[in-house]
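Okay, structure first, notes after.
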Amino acid sequence: MLQIDAALVLTEQQKSDIENRFGKRTNLHVIPHASKTNLKTGWFGRPGLVKDERLAVVISRYSAIKNIDHIIKAFEIVVKKVPDAKLEFWGDGPEKEKLQKIIHDANLTDHIKLNGYTQEPSNIYQSALFSILASKTEGFSLSVLESMSNATAVVSYDIRYGPNELIDNGENGVLVPKNNIDMLAEAMISMFNHPNTAIKMGKAALKKVERKFNQEIYANSWEHVVRVAIENRQLKNEDIPLVKK
């Protein structure tokens, strides 16, 4: 890393972990993803689209690293307290058949629907009261950013990396200790039982995206990093002595 002009990571936590291991680095920069909101024409983006106060959604790859089974197990607890709660998954992947069996064995087929890949994630997020993330780990948690950019709060495990830099716990979403299925269920029950609070969180989530993860900040950050890298390279070249032939 000492020899390169610039290294980029997506979160401050990643930068901190690298520097705790290798020491401070002036060429290490943080540039998170940016998101463009789709709500300019109205509160939920298009006429007639409203939030279902009994619906939670997950847009995810169906793979073991996403801990989809944790969400299903938590939802088994949820429906005991909120009998009309619904959960929709959207995605594809190698775990699909296994997850469908878990849903069937838990007698949750009336509550949980396992859908295929979607090309309209904004509409799905906007129609739900909240979304859920329970991954083992993420590089940034782009699905959290996408949900927030569609004014939909997220209930998420507090994992490396991303959720705790996107979500302000209790203000624009909810963070739950990693692998705590009972607390994940409690957070979902609270959202369903207090839909107005959940919707308020979604509005706050959108405001944070517009304020901190907009495309202008993203472009300016890249411009700054490139400029600094060029300046550092020029300084290095000036320090290299010329070799006479």
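The values are calculated or read from the model by the stated rules, or taken from the named source; none is laboratory data. Bear in mind that the values here come from a model prediction, so they are computed numbers and not experimental data. Here Cβ is always computed from backbone atoms with ideal geometry, including for glycine, and neighbour counts include all displayed protein chains. For accessibility, only protein heavy atoms count, side chains too; no ligands or nucleic acids. Shrake-Rupley method; radii C 1.70, N 1.55, O 1.52, S 1.80 Å.
Kindly evaluate Ile72 against the criterion of being crowded, with 21+ Cβ neighbours inside 10 Å and not aromatic (Phe, Trp, Tyr). Reasoning before the result, please.
Details: crowded, with 21+ Cβ neighbours inside 10 Å: yes; not aromatic (Phe, Trp, Tyr): yes.
In short, yes.
Out of Ala187, Ala229, Ala198, one residue alone is at pLDDT below 95, open to solvent by less than 80 Å² (accessible area, probe 1.4 Å), of a type outside the set (S, T, N, Q) and in a helix (DSSP H, G or I). It is Ala229. Once the stretch 75-94 is narrowed to residues that are in contact with a Phe, Trp or Tyr (Cβ under 8 Å, 6 or more places away or on another chain) and closer than 12 Å to His111 by Cα, the residue that is surrounded by the fewest Cβ atoms within 10 Å (Cβ to Cβ) is Val82.
Residues are listed down the side, and each one gets a yes or a no for (1) among the hydrophobic types (A, V, I, L, M, F, W, C); (2) free of Cβ contacts under 8 Å to residues at least 40 places away in the same chain; (3) within 16 Å of Ile189 (Cα to Cα):
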site	(1), (2), (3)
Arg61	no, yes, no
Asn67	no, no, no
Ile77	yes, no, yes
Lys80	no, yes, yes
Asp84	no, yes, yes
Gly93	no, yes, no
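When residues in the stretch 1-32 are screened for being open to solvent by less than 70 Å² (accessible area, probe 1.4 Å) and either on the phi > 0 side of the Ramachandran plot or not aliphatic (A, V, I, L, M) (or both), 13 of them pass. Summed over the stretch 148-171, the residues that are open to solvent by less than 10 Å² (accessible area, probe 1.4 Å) and touching a strand residue (DSSP E or B) at 6+ places or on another chain (Cβ under 6 Å) give a count of 8. Of all residues in the stretch 179-203, exactly one satisfies the criterion of being under 17 Å from the mean Cα position of the chain (by Cα) and free of Cβ contacts under 8 Å to residues at least 40 places away in the same chain, namely Ala187.
If the condition is being of a type in the set (S, T, N, Q) and either open to solvent by 20 Å² or more (accessible area, probe 1.4 Å) or touching a residue at least 60 places away in the same chain (Cβ under 8 Å) (or both), then the stretch 95-117 contributes Gln100, Asn107, Thr109.
Among the residues examined, Ser122 qualifies as open to solvent by less than 40 Å² (accessible area, probe 1.4 Å), farther than 23 Å from Val176 by Cα and under 15 Å from the mean Cα position of the chain (by Cα). Here is a check on your reading of the model: is Ser190 more than 23 Å from Tyr62 (Cβ to Cβ) and of a type outside the set (A, V, I, L, M, F, W, C)? Yes, satisfied. Of the residues making up the stretch 71-108, those that are over 21 Å from the mean Cα position of the chain (by Cα) and under 18 Å from Asn193 (Cα atoms) number 10.
Out of the stretch 79-92, which residues are closer than 13 Å to Ile132 by Cα and not charged (D, E, K, R)? If the condition is that a residue be closer than 13 Å to Ile132 by Cα and not charged (D, E, K, R), then Leu87, Phe89, Trp90 are the ones that fit.
Against the test of being in a strand (DSSP E or B) and either within 11 Å of the chain's Cα centre (by Cα) or over 18 Å from Lys36 (Cα atoms) (or both), the options Val176, Val144 yield a single qualifying residue, Val176.
Where in the stretch 21-99 are there strands (runs of 3 or more DSSP E), lying fully within it, with 1 or more residues that are modelled with pLDDT of 95 or more and over 26 Å from Glu165 (Cβ atoms)? Correct list: 52-59, 86-90. Quick check on Glu138: is it buried (at least 16 other Cβ atoms within 10 Å of the Cβ) and in a loop (DSSP other than H, G, I, E, B)? So Glu138 passes the test.
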